[in-house]
1. Pairs needed: first member in region 158-171, within 10 Å of THR113 (Cβ to Cβ); second member anywhere, modelled with pLDDT under 85 and among the acidic types (Asp, Glu); C-beta distance under 6 Å; at least 6 residues apart or different chains.
2. May I ask you to list the residues in region 108-122 that are touching a residue at least 12 places away in the same chain (Cβ under 8 Å), over 10 Å from LEU152 (Cα atoms) and of a type in the set (Val, Ile, Thr)?
3. So which of ALA71, ALA62, ALA44, ALA77 is touching a Ser or Thr at 6+ places or on another chain (Cβ under 9 Å) and either modelled with pLDDT of 95 or more or farther than 30 Å from PRO139 by Cα (or both)?
4. If you check LEU57, LEU84, LEU52, which single one turns out to be surrounded by 13 or more Cβ atoms within 10 Å (Cβ to Cβ) and at pLDDT 95 or above?
5. Exactly one condition in (1) touching a residue at least 12 places away in the same chain (Cβ under 8 Å); (2) open to solvent by 30 Å² or more (accessible area, probe 1.4 Å); (3) within 13 Å of the chain's Cα centre (by Cα) is not met by GLN104; state its number.
6. So VAL75 passes all but one of these: (1) open to solvent by 70 Å² or more (accessible area, probe 1.4 Å); (2) part of a loop (DSSP other than H, G, I, E, B). Which condition number does it fail?
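The values are calculated or read from the model by the stated rules, or taken from the named source; none is laboratory data. Quantities reported herein were computed from a predicted structural model and do not represent experimental measurements. Here the Cβ positions follow ideal geometry from the backbone for every residue, glycine too, while neighbour counts run over all protein chains shown. We work out accessible area using only protein heavy atoms, side chains counted, and drop any ligands, DNA or RNA first. Shrake-Rupley method; radii C 1.70, N 1.55, O 1.52, S 1.80 Å.
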Amino acid sequence: MGRDWRTRAAAHRGAVRGGTREHRMPTRDEVVTDRRWGADLRAAVFCSLALLVLIVLVDLGAGTLSALRVALWAVLAVLLYVILHPARVTAGPGWLAVRGPLRQRHVCTNLLTSVHVSRTVAARLVLCDSLGHRVEFDPRVLAENPLLLHRLDAGARAARASGLLRCGVTDLARLTARLDGTRAKAVFEASGLR
């Protein structure tokens with residue numbers, strides 16, 4: 001699921017025309033990915049390397065630099081990278097996958113049984129399907145990627161129509177309405193109508 005390089009290559013070729021990207025709805029079999037994931041990944045790598053360089057420079061300036069301390073600082077930088085590593089959200093027809101630094105989880109969106117938006121320090125969207133799979137990710141990913149939201153919404157509608165999705169229909173509708181309202185406000189502001 002989502003690993004077929006031919007599908008991704010075809011989607012990329014279809015999306016790039018003359019050096020500019022076209023904004024269009026994906027075809028039925030295309031895999032949709034988070035557009036900001038690469039930038040977030042670069043930011044995580046930069047922060048980790050910056051921490052390592054700064055700590056080593058401070059240690060060098062203090063005259064306490066040793067191979068053991070460099071190894072300790074490198075482990076600390078790797079730990080920071082693992083914490084900052086962004087989850088990569090991809091979606092295809094009937095599925096959504098979230099890949100973290102250590103493993104990948106996926107749900108069948110047309111078999112969703114519950115949708116829950118947790119209201120903790122950092123909001124998380126939790127999706128569960130009838131096969132027992134569960135994914136959790138930041139709902140801002142959907143705000144920044146309308147095509148991912150479209151894939152999730154299409155699968156959730158199919159699950160609701162088949163009677164599987166009973167828990168969280170209002171949460172998903174509220175989230176979709178909020179994201180649509182945010183996008184509409186941005187369009188109005190960009191066009192000068194507001």
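1. Pairs found: none.
2. THR113, VAL115, VAL117, listed by residue number.
3. Only one candidate passes the filter, namely ALA77.
4. Exactly one of LEU57, LEU84, LEU52 is surrounded by 13 or more Cβ atoms within 10 Å (Cβ to Cβ) and at pLDDT 95 or above, namely LEU52.
5. Answer for GLN104: the failing condition is (1).
6. (2)
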